[in-house]
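Worksheet: the structure to be examined is printed underneath.
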Amino acid sequence: MKSTKTDPGDRVLRKVALRLMPFLCLLYFVNYLDRVNIGFAAPNGMNEELGLTATVFGFASGIFFLGYLLLEVPSNLALHRFGARRWMARIMITWGVVATVMAFVPNATTLVILRFLLGVAEAGFFPGIILYLTFWFPAAQRAKAVAMFMAAVPISSAVGATVSGLLISGGDGVFGLSGWRFMFLVEGVPAILLAFVTWFYLTDRPEKAKWLTESERDWLSSTLAAEKESTEQKHHWPLRKALTHPRILMLAFVYFGIAYGLYALGFFLPTIISGFKQQFGVQFSITETGLITAIPYVIGAVVMVLWARHGDRTGERTWHVAIPMLVGGAAIPVALYLGNPVLAMVAVTICATGVCSALPTFWALPSTFLSGAAAAGGIAMINSLGNISGFAAPYITGWLKDATGSQKTGLWAVGLCMIAAAGVAIVLGKRIKRETLQ
């Protein structure tokens, strides 16, 4: 909207961003790290100590998302009803407790159960934040806001890889725990502590923001209310339609493809790098593996924000989702066919950058035709169905590794899934554009 380009509007949105985004990024940093740190534990003692094959490890990694799937929609509807401050604090306490208990897992069966419960505990966090951002940022600035928030994904993968490596190597024997157990223990505690901060720090809606002046609250509330009214007039989507419409299912498949690449890399990249010893005759320490794992995500974080800003500036969405997916999907299968580890990591970095760049613009799409409870339910449904890939990606990748004795087949599956999802994004974009012109 034009009003968001005025100096008062820019000032208000900068104030909102400075207040909310660093804290939300911190929450997602902790959330994503607790979700994928099993990938760092696997090649550093956990698989050996618990007797896990690649298939069992993939199943344990992925079953998190089955628990996640069950409660996504009701959790997001609860957030819409009770407010982000209370509901986010509840989510964080429960996930922190489960993440901490994983330090004491005695066998593979218990690991699978705890990973499932971790998914149940975390259900609603990510779509809840995406919904929460629609309460504070107009559509023209939303992709950039989502990009700033989701920068926590590559940052947590980059910094988290290094931190997890240091905790595993430095924590071995502390409290009588293996290094990977010590990592789970230390990385689970921040979620519990931050839950109490969340209760007092977050503000549910702009009209309740005492840290904004009265004129700032009025401007932001009226701008968002007018945008919501316009959206509801153009696209009347009740909650039931938002949960069942083919457009939502198509968006869920596109997100499935993006997340398939994200989680395949997140869970298996440390293992792939450890495999460079057999493939290329080079070996890295735990800390070196963490630092190398960080490289694709550092580059991905920078490109993600720049790409999202370009999408907001041009107003184009479809190709800002499809192009990164096509490039990333084509790059990843190539990684393990290259002749040295440097070239292999270049291909992996291109894939990671593609995945990261597609994410924020994708999440700007649902709110173009959803609002209110329909937005809460629709966003949660897209995230819930799309995150089935969180189960499928590690399980299929691990199963293909056991079946073929190589990571290559699994990475081909990643690439093909991303390219197929890009194709659906293009078809969906053309359909939405055609409906808008009618």
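Only a single criterion out of (1) in contact with a Phe, Trp or Tyr (Cβ under 9 Å, 6 or more places away or on another chain); (2) acidic (Asp, Glu); (3) closer than 22 Å to Val97 by Cα is not satisfied by Glu187, namely (1). Residues that are more than 21 Å from the chain's Cα centre (by Cα) and not in a helix (DSSP H, G or I) occur in the stretch 300-316; there is at least one.
Residue by residue through the stretch 25-49, note down the ones that are in contact with a Leu (Cβ under 8 Å, 6 or more places away or on another chain) and either polar (S, T, N, Q) or open to solvent by 20 Å² or more (accessible area, probe 1.4 Å) (or both).
Leu26, the sole residue that qualifies.
Quick check on this structure: which one of Ala78, Ala103 is among the small types (Gly, Ala, Ser), under 27 Å from Thr198 (Cβ atoms) and touching a Lys or Arg at 6+ places or on another chain (Cβ under 8 Å)?
Only one candidate qualifies: Ala103.
Exactly one residue among Leu359, Leu343 is at pLDDT 80 or above and open to solvent by 60 Å² or more (accessible area, probe 1.4 Å), and that residue is Leu343. Screening Trp307 on (1) open to solvent by 50 Å² or more (accessible area, probe 1.4 Å); (2) at pLDDT 80 or above; (3) closer than 30 Å to Gly171 by Cβ; (4) aromatic (Phe, Trp, Tyr) shows it passes everything except condition (3).
Does the stretch 116-156 hold any residues that are polar (S, T, N, Q) and open to solvent by less than 10 Å² (accessible area, probe 1.4 Å), and which are they? Hit for the stretch 116-156 is Ser156, nothing else. Residues of the stretch 314-330 that are farther than 15 Å from Gly429 by Cβ and open to solvent by 10 Å² or more (accessible area, probe 1.4 Å): Val327, Ala330. Checking each residue in the stretch 39-62 for being modelled with pLDDT of 85 or more and either of a type in the set (A, V, I, L, M) or within 17 Å of the chain's Cα centre (by Cα) (or both) picks out Ala41, Met46, Leu50, Leu52, Val56, Ala60.
Scanning the stretch 159-207 for residues that are touching a helix residue (DSSP H, G or I) at 6+ places or on another chain (Cβ under 6 Å), farther than 17 Å from Ile129 by Cα and not in a helix (DSSP H, G or I), we see that the one that is least open to solvent (accessible area, probe 1.4 Å) is Gly171.
Within the stretch 386-410, the set of residues being of a type in the set (Gly, Ala, Ser), open to solvent by 10 Å² or more (accessible area, probe 1.4 Å) and assigned to a helix (DSSP H, G or I) comprises Ala392, Ala403. Residues considered: Gly96, Gly83, Gly58. Of these, the only one that is open to solvent by less than 60 Å² (accessible area, probe 1.4 Å), on the phi > 0 side of the Ramachandran plot and not β-branched (Val, Ile, Thr) is Gly83. Looking only at the stretch 214-234, residues that are over 29 Å from the mean Cα position of the chain (by Cα), farther than 13 Å from Gly9 by Cα, surrounded by fewer than 13 Cβ atoms within 10 Å (Cβ to Cβ) and modelled with pLDDT of 80 or more come to 1 in all.
The values are calculated or read from the model by the stated rules, or taken from the named source; none is laboratory data. Keep in mind that what you see is a predicted model, and the values were worked out from it rather than measured. Backbone-built Cβ (ideal geometry, glycine too); neighbour counts: all protein chains shown. When the accessible area is computed, the model is the full protein with side chains, heavy atoms only, and any ligands, DNA or RNA have been set aside. Shrake-Rupley method; radii C 1.70, N 1.55, O 1.52, S 1.80 Å.
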